[in-house]
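Below is one structure; the comments refer to it alone.
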Amino acid sequence: MNNLFRAIIFDFNGVIIDDEPLHQELLRRVIIEEKMTFADGDYEQYYLGHNDRACFLTALTRHNRPEAAQIDHISSLIIRKTGYYHEAIRSRSLLFPGLPELIIRLGQRYPLAIASGALRGEIEAALDGSGILDQFELIVAAEDVERSKPDPEGFLKAWQGLRRSIPDLAPAECLVIEDSIAGVTAAKAAGMACLAVTTSFPAARLSLADWISPGVVEWFRGL
């Protein structure tokens, strides 16, 4: 395993935490509250793999709503959804089984980072509640990038941060773990190796990845 990579960059939703169904539920809730439609299949087609800002911009644009050009309005929708999210996770852990223990073991061998379209507060609350926040050297969250996946900006920022631990680290020596088509595309655009897990999309739609596994724990168990 040491010959495959020197650092690991995790996505968050659908990789570390099993909350994609919750995000779909809450996105649907806010969109419907705004008197817009949210049909079966819309999440996978338009929203999965994108941050909240991109999701609400897409929803407003699709419904020909002039609020799409108003930053304050989109920010208010994000704040509302974030409030619902914190209420939902306050009393439960949604991390995939075995992930906290695996991350502690990996953190003893590799510098770890997160590059996600989730909000920093959501990421830190979930990781801190599971006792693994301090295993990550840095977190690149939605607030830290101008362009969301499939743009590679988030992964490249994570790589730059990891070079504090490994100054000669090359992008190709980073393993990205992703669950979305947009995320896999971003990882490959950044010049990084990519493990895709089939928690959100079937393997056939993640074929650009270097490896495909049902889950993170399962893949590392096989090495």
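The values are calculated or read from the model by the stated rules, or taken from the named source; none is laboratory data. Predicted model only: the values in this text are computed from it and were never measured. Using ideal geometry, Cβ is built from the backbone for each residue, glycine included, and neighbour counts are taken over all protein chains shown.
Here are the numbers for this structure:
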| quantity | calculated |
| --- | --- |
| Filtered residue count, region 192-217, keeping only those that are outside any loop (DSSP other than H, G, I, E, B) and either within 25 Å of Trp159 (Cα to Cα) or not assigned by TED's automatic domain parsing to the domain that holds Leu156 (or both) | 11 |
| Those residues of region 153-191 which are in a loop (DSSP other than H, G, I, E, B), surrounded by fewer than 18 Cβ atoms within 10 Å (Cβ to Cβ) and without any contact (Cβ under 8 Å) to a residue 60 or more places away in the chain, in sequence order | Arg163, Arg164, Pro167, Asp168, Ala170, Gly191 |
| Out of Phe10, Phe5, Phe96, Phe56, sole residue that is in contact (Cβ under 8 Å) with a residue 24 or more places away in the chain, in contact with a His (Cβ under 9 Å, 6 or more places away or on another chain), of a type outside the set (A, V, I, L, M) and surrounded by 13 or more Cβ atoms within 10 Å (Cβ to Cβ) | Phe56 |
| Single residue of Ala125, Ala88, Ala113, Ala118 found to be surrounded by 13 or more Cβ atoms within 10 Å (Cβ to Cβ), small (Gly, Ala, Ser) and either in a strand (DSSP E or B) or touching a Gly at 6+ places or on another chain (Cβ under 7 Å) (or both) | Ala113 |
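Residues checked against (1) among the hydrophobic types (A, V, I, L, M, F, W, C); (2) closer than 16 Å to Gln24 by Cα; (3) out of contact with any Phe, Trp or Tyr (no Cβ under 8 Å at 6 or more places or on another chain):
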| site | (1), (2), (3) |
| --- | --- |
| Gly49 | no, yes, yes |
| Arg62 | no, no, no |
| His86 | no, yes, yes |
| Phe96 | yes, no, yes |
| Leu99 | yes, no, yes |
| Ile104 | yes, no, yes |
| Gln108 | no, no, yes |
